[in-house]
């Protein structure tokens, strides 16, 4: 089985490190981006199998990022997991059709994130 | 000699993976500069060389410097004089080639010596070179050809290059160390996140009115997710919160064994007021009996101040011994849980106290009238049953139970001569009787915590058709609590003996409810009420009999005094 690539976008470096470490240790290839704009570039070049993105990011929010990926047929199928601040709820109408399959609120459990990633990738989910 | 594939560097006497990796990273630069690159230990023994280097370096220089080689003694002698602050040293050890040595430091110690080799301008088959070639079994002619392919380097440039490679290597090592540190920090951070989210999850479940066993069951299951253990259990031995010990997971103990473990833990945790860690149960005299079921045990007290209420314990971590991280995590969970436990105990105490007072109060009311013995309690039970049947939530159902208990509390203000009169009431007496809902509401109005049940007390004599008292509200304008208690109250009145008549049989009472549905009673409620089977009624009432007996005794005491 070939190694799956996961793009992790977050402006907080400690989140990037924790998530990357957890995913790399589980055998995934991880690329990181520190804002929405960089994540968009990375997604276009690397065509990751999954995107994990923060909601609040400079340049482009996680939601805007997913929207732009959606517009490009080459990246439209990338499923996404979104991280949000605790107590922050996105309107389901906003996430509809954005490719966001799961939401996790910070502080999240890295174990749970890995389980979610495994589940999403195993289900072969494509962004809806 | 072993070749490590990943680095392409021949490694012997493993001088640390990071050194090898760092050398591999800078080797291409040396090749590009036409220089040879070797790494020796502080004693001068060659540790690594670049096998991809030009043969002049990999076959000739490296071989000359090898252990047991021709220049070993001279090399060792010079290496020993390298200090942490030594400047580049030019070594003239191999004919035709000049060496430059610089120290490689880690934590201020010389851990290796980086040796750069540069071809001298005059490289020819001198006597010295031929002799060395013979010893190395190299053909001098071939070597001269190889040397011609490598550019020469002046001493001055070799020194400059050495400083450069020294700092390159130092930066590489520093980066590797930082990366390792970052990974370790990220790991710790990941653990901290895990703990934080676990504690968050567990404190989210800390509702004082939640069943205690449910709370601890969930907490144990949550902890098992984060701390990979084979068993996780809870003991609650303090009299304030005593309950049977519980164990979850794959370790199976009989009830007797679990109780024995719980007793031992209770005693030890009481003594220590701190955690207990046993990483070899079978050799521990106190726990040897547990040895065949588990190997390791970690227990922490559920403690508030000096009081040990119980404990949490984990059996067998899947990845080895329990350590300080596990202890810390379990202690945090126990501290959180102990706060919950203390609150739950206090909540239970206050709740019990309040319910006790309410029961005393209603008993006092019921005691004023020998024939209404236990009436309030039965109305409360019936109201609760009906409220649950129509699908109200747990807390609303409990409030209705309380309203049922207190619905007649206003009878305290009605003379006993009226309450206990056997004949028909005069209009004046009836007016006095009709005041009890309002008196009851006034009594409760001062108790903030009971404000929400006042509608049940005030409106339990309203009728659906608007012909009731005290306000004459009709239909759905009558608060639901009032409509429910009205139904339960009338039903219980009909099925109990009264001063002026005997109890109606159950079936008669039910047909009366049917007949008055829509006039006296809310038809929707009456319909639900009539669907309660006769058996259920009997059961409800039987449950209540024991209570009734106690009330009767109380009444007798009151009457005697």
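Being more than 12 Å from chain B (Cβ to nearest Cβ) and at pLDDT below 90 is the filter here; which residues of the stretch A:12-31 pass it?
None; the set is empty.
Scan the stretch B:88-110 residue by residue and report those that are touching a helix residue (DSSP H, G or I) at 6+ places or on another chain (Cβ under 8 Å) and surrounded by fewer than 17 Cβ atoms within 10 Å (Cβ to Cβ).
Matches in the stretch B:88-110: B:90, B:105, B:106.
Within the stretch B:179-193, how many residues turn out to be under 25 Å from residue B:21 (Cα atoms) and more than 8 Å from chain A (Cβ to nearest Cβ)? Show your work before the answer.
Of all residues in the stretch B:179-193, those under 25 Å from residue B:21 (Cα atoms) come to B:179-187.
Right, trim to more than 8 Å from chain A (Cβ to nearest Cβ) and you get B:179-181, B:184.
Going through the stretch B:179-193 one residue at a time, the tally reaches 4.
Every residue in the stretch B:297-329 that is touching a helix residue (DSSP H, G or I) at 6+ places or on another chain (Cβ under 7 Å) and under 11 Å from residue B:276 (Cα atoms), please.
Scanning the stretch B:297-329 gives B:297, B:298, B:299, B:300, B:301, B:311, B:312, B:313, B:314.
Each row is one residue, and each column tells you yes or no for (1) in the same structural domain as residue B:482 (by TED's automatic domain parsing); (2) without any contact (Cβ under 8 Å) to a residue 60 or more places away in the chain; (3) farther than 10 Å from residue B:484 by Cα.
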| residue | (1), (2), (3) |
| --- | --- |
| B:375 | yes, no, yes |
| B:379 | yes, no, no |
| B:383 | yes, no, no |
| B:386 | yes, no, no |
| B:389 | yes, no, yes |
| B:402 | yes, yes, yes |
| B:406 | yes, yes, yes |
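Kindly state which strands (runs of 3 or more DSSP E) lie completely within the stretch B:71-146 and contain at least 3 residues that are free of Cβ contacts under 8 Å to residues at least 12 places away in the same chain, in the same structural domain as residue B:43 (by TED's automatic domain parsing) and at positive phi. I'd like the intermediate steps shown before the answer.
Details: elements: B:89-94, B:97-106, B:109-119.
Because the criterion is at least 3 residues that are free of Cβ contacts under 8 Å to residues at least 12 places away in the same chain, in the same structural domain as residue B:43 (by TED's automatic domain parsing) and at positive phi, no strands (runs of 3 or more DSSP E) in the stretch B:71-146 meet it.
In this structure, is residue B:162 touching a strand residue (DSSP E or B) at 6+ places or on another chain (Cβ under 9 Å) and in a helix (DSSP H, G or I)? Step through it out loud before you land on a result.
Details: touching a strand residue (DSSP E or B) at 6+ places or on another chain (Cβ under 9 Å): yes; in a helix (DSSP H, G or I): yes.
For residue B:162, the condition - touching a strand residue (DSSP E or B) at 6+ places or on another chain (Cβ under 9 Å) and in a helix (DSSP H, G or I) - is met.
Could you check how many residues of the stretch B:31-70 are touching a helix residue (DSSP H, G or I) at 6+ places or on another chain (Cβ under 7 Å), under 13 Å from residue B:116 (Cβ atoms) and free of Cβ contacts under 8 Å to residues at least 40 places away in the same chain?
1
Which residue out of A:23, A:60 is more than 20 Å from residue A:114 (Cα to Cα) and buried (at least 19 other Cβ atoms within 10 Å of the Cβ)?
Values: A:23 fails: more than 20 Å from residue A:114 (Cα to Cα).
Of the residues listed, the single one that is more than 20 Å from residue A:114 (Cα to Cα) and buried (at least 19 other Cβ atoms within 10 Å of the Cβ) is A:60.
Looking for something within 30 Å of residue B:111 (Cα to Cα), outside the structural domain of residue B:88 (by TED's automatic domain parsing) and in a helix (DSSP H, G or I) - is there at least one such residue anywhere in the stretch B:187-201?
Our first condition is that a residue be within 30 Å of residue B:111 (Cα to Cα); within the stretch B:187-201, this holds for B:187-188.
Now restrict to residues that are outside the structural domain of residue B:88 (by TED's automatic domain parsing): B:187-188.
Checking the rest, the ones that are also in a helix (DSSP H, G or I) come to B:187-188.
Yes, because at least one residue in the stretch B:187-201 is within 30 Å of residue B:111 (Cα to Cα), outside the structural domain of residue B:88 (by TED's automatic domain parsing) and in a helix (DSSP H, G or I).
Return the residue satisfying two criteria in turn: it lies in the stretch B:287-314 and is over 17 Å from residue B:344 (Cβ atoms) and exposed (fewer than 15 other Cβ atoms within 10 Å of the Cβ), and of such residues it is modelled with the highest pLDDT.
Across the stretch B:287-314, the extreme among qualifying residues is B:288.
So, in the stretch B:483-512, exactly how many residues are touching a strand residue (DSSP E or B) at 6+ places or on another chain (Cβ under 9 Å) and without any contact (Cβ under 8 Å) to a residue 40 or more places away in the chain? Walk me through how you get there before you give the answer.
Going residue by residue through the stretch B:483-512, those that are touching a strand residue (DSSP E or B) at 6+ places or on another chain (Cβ under 9 Å) are B:483, B:486-487, B:490.
Going one step further and asking which of them are without any contact (Cβ under 8 Å) to a residue 40 or more places away in the chain, we end up with B:486, B:490.
So the answer is 2.
Which number in (1) within 25 Å of residue B:323 (Cβ to Cβ); (2) loosely packed, with under 15 Cβ neighbours inside 10 Å; (3) within 22 Å of the chain's Cα centre (by Cα) marks the one condition that residue B:271 misses?
Tallying (1) within 25 Å of residue B:323 (Cβ to Cβ); (2) loosely packed, with under 15 Cβ neighbours inside 10 Å; (3) within 22 Å of the chain's Cα centre (by Cα), residue B:271 fails exactly one: (3).
Is it fair to say residue A:39 is closer than 25 Å to residue B:188 by Cβ, at pLDDT 90 or above, more than 14 Å from every other protein chain (Cβ to nearest Cβ) and surrounded by 23 or more Cβ atoms within 10 Å (Cβ to Cβ)? Spell out how you get there, then give the answer.
Numbers: closer than 25 Å to residue B:188 by Cβ: no; at pLDDT 90 or above: yes; more than 14 Å from every other protein chain (Cβ to nearest Cβ): yes; surrounded by 23 or more Cβ atoms within 10 Å (Cβ to Cβ): yes.
For residue A:39, the condition - closer than 25 Å to residue B:188 by Cβ, at pLDDT 90 or above, more than 14 Å from every other protein chain (Cβ to nearest Cβ) and surrounded by 23 or more Cβ atoms within 10 Å (Cβ to Cβ) - is not met.
Restrict the check to the stretch B:274-281 and report whether at least one residue is touching a residue at least 12 places away in the same chain (Cβ under 8 Å), within 18 Å of residue B:236 (Cβ to Cβ), in contact with a helix residue (DSSP H, G or I) (Cβ under 8 Å, 6 or more places away or on another chain) and surrounded by 15 or more Cβ atoms within 10 Å (Cβ to Cβ).
The answer is yes; a qualifying residue exists.
Quick check on this structure: which one of B:468, B:482, B:472 is assigned by TED's automatic domain parsing to the domain that holds residue B:422 and part of a helix (DSSP H, G or I)? Working first, answer last.
On the way: B:468 fails: part of a helix (DSSP H, G or I); B:472 fails: part of a helix (DSSP H, G or I).
That would be B:482, the only listed residue that is assigned by TED's automatic domain parsing to the domain that holds residue B:422 and part of a helix (DSSP H, G or I).
In this structure, does residue B:169 turn out to be buried (at least 17 other Cβ atoms within 10 Å of the Cβ), in contact with a helix residue (DSSP H, G or I) (Cβ under 6 Å, 6 or more places away or on another chain), more than 13 Å from every other protein chain (Cβ to nearest Cβ) and in a helix (DSSP H, G or I)? Show your work before the answer.
On the way: buried (at least 17 other Cβ atoms within 10 Å of the Cβ): yes; in contact with a helix residue (DSSP H, G or I) (Cβ under 6 Å, 6 or more places away or on another chain): yes; more than 13 Å from every other protein chain (Cβ to nearest Cβ): yes; in a helix (DSSP H, G or I): yes.
Here the answer is yes, as residue B:169 does meet what is asked.
Could you grab me the full set of residues in the stretch B:222-263 that are buried (at least 20 other Cβ atoms within 10 Å of the Cβ), in a loop (DSSP other than H, G, I, E, B) and within 14 Å of chain A (Cβ to nearest Cβ)?
B:227, the sole residue that qualifies.
Among the numbered conditions (1) within 18 Å of residue B:317 (Cβ to Cβ); (2) surrounded by fewer than 17 Cβ atoms within 10 Å (Cβ to Cβ); (3) within 18 Å of the chain's Cα centre (by Cα), tell me where residue B:284 comes up short.
Result: residue B:284 fails condition (3) only.
The values are calculated or read from the model by the stated rules, or taken from the named source; none is laboratory data. All values reported here derive from a predicted model rather than from experimental measurement. Please note: Cβ atoms are built from the backbone with ideal geometry, for glycine as well, and neighbour counts cover all protein chains shown.
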